[in-house]
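Since the structure comes first, as structure tokens, the remarks are kept for the end.
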Amino acid sequence: MRQNPHATYQEVVDKLRSRYGYQQQQEKFRVELRHRRRKQGESLQELAEEVEKLVSLAYPQAGTPTRDILGRDAFIDSLDFQQLQMNIREREPASLKETLILAMKLEVLYQSSRMEKESQKVHVRAAQQDKKVKDRDKSPARGRRTVESSVASKDGSLRDDVSTYLRLERQDR
């Protein structure tokens, strides 16, 4: 620009487009769009917004309906949960907006289902642990081991007397 102060309007526009324009960068944006994946902690709304921006940059000449379809497909492909992708595709949303709403609903359902399963696992583990403790406390061998272990820390002669007594008791049975 500084080199040619008498440049025509079209020359200035062409120079600006070559420097800042998207024509040379469209392929870059298309690659970014193809490889875009949901990041850890990224909300679905943030993902949809980013996908919509990349679609606009990658396909500036495309009409709104075409960009909406491209955005919908790229959004579904960028989801990090394959089951969610399949369920969204089965419902065939028409636009990126419909896809986003559907994805948010399904994600909440998956999360609540996962939380319910985890809660059930905790209850089952607690019940199993209670049963183990009760079974262990009912065991006659448990009582003998408890007596032996408490006596083991005391005087050695007393421990020997208790061990002899328990051994004789077992032989009588």
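What the table shows:
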read-out: Gln111 versus Ala94: modelled label distance in nm, points set 7 Å from Cα along the beta carbon direction; value: 2.9
read-out: Of Lys53/Lys117; Lys39/Lys117; Lys53/Lys105, those spanning more than 30 Å from alpha-carbon to alpha-carbon; value: Lys53/Lys117
read-out: Using θ = phi - 60° and Karplus 6.51 cos²θ - 1.76 cosθ + 1.60, couplings along the stretch 48-64 (whole Hz; Gly, Pro as x); value: 4, 4, 5, 5, 4, 5, 5, 4, 5, 6, 7, 10, x, 7, 5, x, 4
read-out: Glu49-Gln128 FRET efficiency (beta carbon distance; Förster radius 45 Å; 0.05 resolution); value: 0.45
read-out: Integer Hz, Karplus 6.51/-1.76/1.60 couplings in order for the stretch 68-81, x for Gly and Pro; value: 5, 5, 4, x, 4, 5, 5, 4, 4, 5, 7, 5, 8, 10
read-out: For Leu54, Leu102, order by how many other beta-carbon atoms lie within 10 Å, fewest first; value: Leu102, Leu54
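Just so you know, all these numbers are worked out from the coordinates, no wet-lab data involved. Source: prediction; values computed, not measured. Quick reminder, even Gly has a Cβ in these numbers, built from the backbone with ideal geometry, and neighbours come from all protein chains shown.
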